[in-house]
1. In this structure, does Leu56 turn out to be in contact with a helix residue (DSSP H, G or I) (Cβ under 9 Å, 6 or more places away or on another chain), of a type in the set (A, V, I, L, M) and either surrounded by 10 or more Cβ atoms within 10 Å (Cβ to Cβ) or assigned to a helix (DSSP H, G or I) (or both)?
2. Can you find a residue that is farther than 18 Å from Gly55 by Cβ and either part of a helix (DSSP H, G or I) or touching an Asp or Glu at 6+ places or on another chain (Cβ under 9 Å) (or both) anywhere in region 27-34?
3. Determine, yes or no, whether Phe11 is part of a helix (DSSP H, G or I), at negative phi and in contact with a Leu (Cβ under 8 Å, 6 or more places away or on another chain).
4. Give me a count of the residues in region 34-73 that are over 31 Å from the mean Cα position of the chain (by Cα) and more than 21 Å from Ile13 (Cβ to Cβ).
5. Considering only residues that are under 11 Å from Val42 (Cα atoms) and surrounded by fewer than 10 Cβ atoms within 10 Å (Cβ to Cβ), which ones fall in region 3-24?
6. Does Ser95 satisfy the condition of being among the polar types (S, T, N, Q), surrounded by 10 or more Cβ atoms within 10 Å (Cβ to Cβ) and in a helix (DSSP H, G or I)?
7. Looking at Ala84, Ala31, Ala77 in this structure, which one is more than 23 Å from Met1 (Cβ to Cβ) and surrounded by fewer than 10 Cβ atoms within 10 Å (Cβ to Cβ)?
Amino acid sequence: MQLLLIVGIVFAIGAVTFALQNNAPVTVAFAFWHYDSSLAVVLLVALGVGALIAGLVSTPSVIKGQWARARLRRQVAILEDDKASLERRVRELESALAQYTPTTVPGAEEAAPYVGLKALMFGSEEKKQT
């Protein structure tokens, strides 16, 4: 935003310098209207009218963008609240699950690991070697 301001100021300084160096009298005619003034005044008025038109043309898109950003901020806030409530619910359910999870029996044996289809069909390698 600051860069845009700097560019605008440099452009305005250039336009004023150009207008002051070109101060010949001119007549502006539009339809039935005639205006006599110096070229500097005509250029500055044209520059001002152009800036005003550009501002008026860009205003709706700026307002639309501000509305969209505000709407998205509200949606983000709502989603963050939903996320926090879901995280609380997950913690509650995990603590409830911990109460119902059975404890391991100290003397229980572990199940034998899967030995594989080849060992089942052809016998274990220990039996082949002996």
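1. No: the conditions fail for Leu56.
2. yes
3. Answer is no for this residue.
4. Looking only at that region, the number is 4.
5. Selection gives Ala24 alone.
6. no
7. Ala31
Quick note: the coordinates plus some simple rules give every number you see, no bench work behind them. Please read all numbers here as calculations on a predicted model, not as lab measurements. In this analysis, Cβ positions are derived from the backbone assuming ideal geometry, glycine residues included, and neighbour counts consider all displayed protein chains.
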